[in-house]
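Q: Okay, handing you the structure first.
The values are calculated or read from the model by the stated rules, or taken from the named source; none is laboratory data. Quantities reported herein were computed from a predicted structural model and do not represent experimental measurements. Virtual Cβ from ideal backbone geometry, glycine too; neighbours counted across all protein chains shown. Quick note on the areas: whole protein, heavy atoms, side chains included, nothing else; ligands and nucleic acids left out. Shrake-Rupley method; radii C 1.70, N 1.55, O 1.52, S 1.80 Å.
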Amino acid sequence: MPEPWLRPAMRARVHELLADGGPREGVLTYLDEAATRGLTLAVASSSPATWVRGHLDRLGHTAQFTSVETGDRHAAKPRPDTYLAALRALAVPAAEALAFEDSPNGVAAAKAAALTIVAAPNPITATLDFGAADLVLPSFDAASLGELLARFG
């Protein structure tokens, strides 16, 4: 998701590029496996709710998320507020949750919320430092959700 540290012109271009796209490769497989396992899911984004919910609605995935916590309701990343709100909404302790991130600010926010972090940088963030993540994947296809849960669960 676009981060607040992006310059306004860059943020506008990122929004434009993402406006018509679908989920990244492997994400739908993760969502399907999470549903099969009965896992509850939340979105923790620095983007505004209208943008996040608009994309979830457009892609038909809104119902898969118990909670959608956004930067217009909570302090934006790298502050942990969106993650802490998501954990409260799911009634899940941080030790039992995984955060999936594509930005260093997101990794910092998840780390501050005491979450285990799997980073999968996107083409825009691929050259940035993800060293604080617990695991960095080149894509969501690189490991199954089951493998991640076995490793970190």
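Q: Output the number of residues of the range 1-12 satisfying the condition of being part of a helix (DSSP H, G or I), modelled with pLDDT under 65 and out of contact with any Pro (no Cβ under 7 Å at 6 or more places or on another chain).
A: Qualifying residue count for the region: 1.
Q: Among the listed residues ASP57, ASP72, identify the single one that is more than 19 Å from VAL27 (Cα to Cα), charged (D, E, K, R) and out of contact with any His (no Cβ under 9 Å at 6 or more places or on another chain).
A: Unique residue meeting the criteria: ASP72.
Q: Here is a follow-up. Do any helices (runs of 4 or more DSSP H) entirely within the range 29-131 hold 1 or more residues that are under 22 Å from GLY146 (Cβ atoms), open to solvent by 30 Å² or more (accessible area, probe 1.4 Å) and modelled with pLDDT of 95 or more, and if so, which?
A: Hits in the range 29-131: 81-90.
Q: Further, regarding this structure: For the range 76-104, give me each residue that is more than 11 Å from the chain's Cα centre (by Cα) and touching a residue at least 60 places away in the same chain (Cβ under 8 Å).
A: The answer is ALA76, LYS77.
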